[in-house]
């Protein structure tokens with residue numbers, strides 16, 4: 001069946017479309033883009049809405065398997081498609097940990113059976129994420145794991161990380177690491193500094209990120225491994241990555257959408273929805289992350305979706321869990337920057353479409369002939385109020401709760417099928 | 001202290017932090033506390049302002065001193081006081097702070113006095129109950145009645161706060177007292193110097209109202225009108241934050257020799273309980289400049305004032 005979307009504003013960083021046009025797809029694959037002069041079985045009048053590739057999110061945590069009360073692949077994907085996310089990489093820190101072929105296949109199959117969005121597993125870098133034995137990277141890679149990570153538990157032992165990175169490099173596998181020095185960066189609950197001292201809360205120092213990042217970059221350089229730096233949060237981290245790239249290190253970097261929006265002051269009156277790790281930093285860091293995005297130095301903007309049930313959040317700040325639901329707010333966070341004229345629409349969409357697609361090697365994320373018809377129609381100017389009770393994630397905790405947002409997804413299409421309509 | 005032509009009313013429902021108070025609020029509480037203190041000294045019982053009211057003392061951390069102080073204050077004003085042993089029961093059963101708050105709220109108390117080990121914990125609870133909540137210490141955040149009683153003690157000793165040089169020395173990092181007292185004194189016009197080893201003196205103390213933060217106690221104490229020593233948690237000694245008690249006392253202990261550098265009539269304070277020979281020499285703690293016992297006395301008076309102002313204030 002052929003479907004034609006007319007009267008759309010095509011927005012695609014990969015192909016450079018940023019103008020009015022149409023798009024035709026057949027059997028789940030894009031067959032024409034631009035001025036399309038073909039007839040179709042079905043026509044969708046976009047009414048001037050933006051038509052862009054569906055978003056690709058490289059960092060989503062669900063509770064499945066092991067903690068389904070937090071989130072399942074199905075419930076996360078429900079939130080995903082409402083937020084315009086059509087492909088998502090799920091983290092391996094589940095129970096059991098995704099550290100062998102059978103579990104990679106379980107996630108893949110379970111995703112196909114239950115989820116509305118495309119699900120890609122990330123494999124564990126070490127067995128059980130314990131940091132002392134290498135996981136079967138090559139076999140998991142062959143089964144569909146798109147990169148390898150120790151999740152929120154960076155490998156403490158540099159010798160172990162060095163061997164793992166070297167092995168991954170020999171398999172052409174990407175290693176993703178959240179930069180954090182274990183000894184410095186585990187006892188705090190918010191950004192270390194004057195605000196934490198005033199609130200009487202232990203801090204997570206920025207130095208922990210820098211020391212962890214410095215180590216990871218040096219080991220990537222030494223081993224030739226391709227490194228995906230997961231969720232930087234400070235200005236100096238960007239400088240360090242830039243310097244490493246100049247030395248020829250193969251490094252990608254991601255930023256969580258909420259770090260483009262909040263600073264440490266947003267923790268306010270001990271607001272546990274704003275308790276995330278890495279924590280919200282100072283305003284200068286936030287501005288530097290936005291500038292890096294504008295300069296094209298950020299390869300991926302991720303939701304860092306890490307839902308927590310109410311019993312984990314309705315606690316004093318120090319005792320509450322880290323993590324926030326983020327799948328439904330990524331696009332709006334980026335569109336807010338477009339609205340403020342900080343960044344062009346295509347530059348804002350690149351780190352959530354073609355750039356992450358290139359990192360994990362999938363064909364979607366672009367409006368080109370032959371690509372999967374994973375598409376979103378959205379109104380870039382439409383205001384909406386983020387209210388936690390209206391979120392579709394199973395866990396209703398978002399730092400954006402109560403905030404006025406801009407940009408609303410009206411329709412989400414995956415492989416030619418409409419999976420969400422507002 | 002009333003301003004002519006200006007009508008003032010204490011409008012707060014809770015006492016959670018000194019940050020929530022204005023200068024007028026603090027002066028109002030201190031004036032009222034002074035009345036209670038004088039009445040007690042004169043052997044008079046205060047009016048039963050809290051008659052037929054129920055005050056719940058909810059202490060998640062052990063604290064004989066503060067809990068007794070609140071209990072005495074509430075009973076003097078005629079309240080029925082219930083002290084809840086939450087540390088031993090509900091927490092062990094997995095009940096959250098919010099669950100506890102809602103359970104207590106259903107019992108319709110007129111005020112809840114709460115101490116909790118988590119910074120911000122008292123604020124969280126206050127959102128869930130209908131009655132007044134008084135923070136008796138939350139983590140390393142605030143201990144507002146201690147800040148007020150320190151300020152009252154100083155005002156009685158010196159006759160004023162404005163323009164005084166106050167040096168607070170010790171474990172500033174972990175001290176809710178330091179935060180509350182610094183803010184209260186700053187609001188009333190004192191110049192507060194915070195002093196401690198680098199490991200126990202956080203950045204950003206200027207946002208609390210501290211005029212300066214230094215590591216040299218000999219300089220910090222020079223010309224001070226008031227010297228307040230803070231309790232050092234001994235479990236933090238020896239390698240983690242400090243090399244030894246001996247080295248700490250040498251650099252930051254209050255001795256007679258060091259006190260000579262302060263103003264001739266300098267007042268010595270300590271919120272207690274003291275580690276004698278670690279923070280302060282015994283002779284100084286018990287000496288004629290010490291108002292440590294009066295701090296305890298003013299504690300009851302301040303708590304009477306706060307309970308009178310807040311009890312029965314409902315959503």
>> Could you sort the peptides A:41-50, A:393-402 by per-residue average Cβ neighbour count (10 Å cutoff), highest mean leading?
In response: A:393-402, A:41-50
> How many nm is it between the label spots at residue B:68 and residue A:132, if each spot is 7 Å from the Cα in line with the beta carbon?
Replying inline: 5.0
>> Quick check: the distance between the Cα centres of the stretch B:43-83 and the stretch B:191-226, to the nearest angstrom?
In response: 35
>> Quick one: the Cα spread of the stretch A:180-337 along its three principal axes, in angstroms, biggest first?
In response: 46, 36, 27
>> Distances longer than 45 Å among the Cα atoms of the protein assembly as shown: what percent of all pairs is that?
In response: 35
>> So, R0 is 56 Å and r is the distance between the beta-carbons of residue B:283 and residue A:340; what FRET efficiency does that work out to, to 0.05?
In response: 0.30
> Rounded to the nearest 0.05, what FRET efficiency do residue A:159 and residue A:105 have when you use their Cβ-Cβ distance and R0 = 45 Å?
Replying inline: 0.90
>> Below 8 Å between Cα atoms, with a sequence gap of 6+, how large is the relative contact order for the stretch A:252-409 in percent?
In response: 25
> Normalised by the number of residues in chain B, what is the relative contact order in percent for Cα pairs under 8 Å and 6+ residues apart?
Replying inline: 20
> What is the pair-distance distribution P(r) of the stretch A:72-224, computed from all Cα-Cα distances in 5 Å bins starting at 0, with each bin given as a whole percent?
Replying inline: 2, 10, 17, 17, 16, 13, 13, 9, 3, 1, 0
>> At a threshold of 8 angstrom on Cα-Cα distance, excluding pairs fewer than six apart, so keeping six or more, what relative contact order does chain A reach in percent?
In response: 19
> From Cα coordinates alone, what are the radius of gyration and Dmax values for chain A in angstrom?
Replying inline: 20.4, 66
> To the nearest 10 degrees, how steeply does helix A:158-170 sit against the main Cα axis of chain A, on a 0 to 90 scale?
Replying inline: 30
>> Run the simple label-point estimate for residue A:37 and residue B:117 please: 7 Å along Cα→C-beta, distance reported in nm.
In response: 7.7
> From the square roots a ≥ b ≥ c of the eigenvalues of the alpha-carbon gyration tensor of the stretch B:199-272, which class results: rounded (a/c under 1.5), prolate (a/b over b/c), or oblate?
Replying inline: oblate
> With axes computed from alpha carbons, what is the tilt in degrees of helix A:206-223 against the longest principal axis of chain A, rounded to the nearest 10 within 0 to 90?
Replying inline: 80
>> Please give the Cα centre distance for the stretch A:343-422 versus the stretch A:281-327, rounded to the nearest Å.
In response: 17
> Given a Förster radius of 22 Å and the C-beta distance between residue B:203 and residue B:240 as r, what FRET efficiency does 1/(1 + (r/R0)^6) yield to the nearest 0.05?
Replying inline: 0.70
> For residue B:7 and residue B:83 in one chain, what is 0.36 nm times their gap in residues minus the Cα-Cα distance, to one decimal in nm?
Replying inline: 23.7 nm
> For A:201-213, what's the mean count of beta carbons from other chains sitting within 10 Å of each residue's beta carbon?
Replying inline: 1
> How far is helix B:23-41 tilted, in degrees, relative to the longest principal axis of the Cα atoms in chain B, given as a value from 0 to 90 rounded to the nearest 10?
Replying inline: 90
> Residues of A:264-270, mean number of Cβ from any other protein chain within 10 Å of their own Cβ, rounded to a whole number?
Replying inline: 2
> What shape does the stretch A:71-138 have by the C-alpha gyration tensor, where a ≥ b ≥ c are the square roots of the eigenvalues, rounded means a/c under 1.5, and otherwise prolate means a/b greater than b/c and oblate the rest?
Replying inline: prolate
> For the stretch A:357-422, what D do you get in µm² per second when you plug the Kirkwood radius from alpha-carbon pairs into Stokes-Einstein at 25 °C and 0.890 mPa s?
Replying inline: 176
>> When a/c reaches 1.5 or more, the comparison of a/b and b/c decides; with that in mind, is the stretch B:162-223 rounded, prolate or oblate per its Cα gyration tensor?
In response: oblate
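The numbers here are math on the coordinates, done by the rules we state, and not lab data. All values derive from a computational prediction rather than experimental measurement. All Cβ positions, even for glycine, are placed from backbone atoms using ideal geometry, and neighbour counts span all protein chains on display.
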